[in-house]
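For reference, the structure is listed below as C-alpha cells.
The values are calculated or read from the model by the stated rules, or taken from the named source; none is laboratory data. From a predicted model like this one, the values you see are computed outputs, not experimental measurements. Positions of Cβ are backbone-derived with ideal geometry, glycine not excepted, and every protein chain shown enters the neighbour counts. For the accessible areas, the whole protein counts, side chains as well, though only heavy atoms, and no ligand, DNA or RNA atoms are used. Shrake-Rupley method; radii C 1.70, N 1.55, O 1.52, S 1.80 Å.
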Amino acid sequence: MPDFYLQPRDSDGPTFNEPWEAQAFGLVLALYERGLFSWEEWAMALHSAIRAAQESGDLDLGDTYYVHWLEALEALTKEKGLVNVTELTSRKAQWHTAYLHTPHGHPVQLLSGNHDS
C-alpha cells in the first residue's frame, strides 16, 4: 500500500479525529483488497478531490483531509458502478437529517431499517 504523504498521521500511523474518518479509510482499504480499483485509480481520485477543494478555496490545513477522502471514495465508486447513485443520495440525506436532529455531544445514528427520513 502506498504512503499518502498528506494523510494525517503520528508515529504509529494514520490518525483520525472522528470515527467516520477511520470507517472511510477502512472502506477504501477493503474495496482495494477486493480488487475493485487499483491504488493508481485511488490516488488519482483523491488527488482530484483535493485539487477541486483547493480550487474552491480549501485552505488545506489538514482538517478537511478525510472529507476529500470521502468525496474521492464516492466519485470512484460511482465511476466504477459500485454504488447505486439514487441509494447513495438517499442515504446521505438520511444522515444529514439525523445529524440535524442529534443533540450536541451525542453520536449521530440512523434508526435501523429507517430509509424514509
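Just to be sure I understand the model, the point goes 7 Å from the Cα along the line to the Cβ. What's the resulting Val83 to Ser38 distance in nm?
2.3 nm
Kirkwood Rh, segment 3-117, all Cα pairs: how many Å?
It works out to 15.7 Å.
Could you give the accessible area per residue of segment 11-78, probe 1.4 Å, as a whole number in Å²?
Accessible area per residue, segment 11-78: 59 Å².
Which longest run of the chain has no exposed loop site in it, a site being trypsin sites (Lys or Arg not before Pro) in a DSSP loop with at most 15 other beta carbons within 10 Å, and the site itself not part of the run?
Result for the longest clean stretch: 35-79.
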